[in-house]
Amino acid sequence: MNPETSPHPSPQELDPVTTLGELREAVARFVEARNWQRYHTSKNLAMSIAIEAAEIMEHFQWCTIEEGQAMMADPAARAQVADELADVFIYGLSFANQAGIDIAQAILAKLARNEQRFPVEEVLQWKTGDDRPKGKGVKG
């Protein structure tokens, strides 16, 4: 489906066909058209990512796990959370554009490091979050 002909294309329709590069370019064009580059410093963008991530958390702040799952089944609530998630990604893409970070390379390198930190055989033996070894993603 063409996103320009549909007011509400589903993510399942766009995710497989939209590249990371296309999204980066779209964000860059949006920022440039408004002359926002002067505001898009590493500090400002890092803060914006955290602020928008907190806005996602706000939707779930007082929910149980089950209530959060039910909320995501509600189209209106899901759309609100999707807007906040989009903000996180937009600021993340802006950060990558500003800092010259190759996101695909960074993600693949991080996954490779995490493969070493969290071997499948070891992780599958964990029974609960409390039995994970310290230093393996658990603070304390």
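Taken together, the values in this text are just the output of simple stated rules run on the coordinates, not laboratory data. None of the values given here were measured: they were computed from a predicted structure. Quick reminder, even Gly has a Cβ in these numbers, built from the backbone with ideal geometry, and neighbours come from all protein chains shown.
For Glu22 and Arg78 in one chain, what is 0.36 nm times their gap in residues minus the Cα-Cα distance, to one decimal in nm?
Once the chain is fully extended between Glu22 and Arg78, it gains 17.7 nm.
Using DSSP to define loop residues, name the chymotrypsin sites (Phe, Trp or Tyr not before Pro) in the range 17-117 whose beta-carbon has at most 12 other beta-carbon atoms within 10 Å.
Passing sites in the range 17-117 are Trp36, Tyr39, Trp62.
Please list, by residue number, every one of the trypsin sites (Lys or Arg not before Pro) in the range 8-78 that is coil in DSSP and has at most 12 other beta-carbon atoms within 10 Å. Can you show the working numbers first?
Values: sites: Arg24, Arg29, Arg34, Arg38, Lys43, Arg78; in loops: Arg34, Arg38.
Answer in residue order: Arg34, Arg38.
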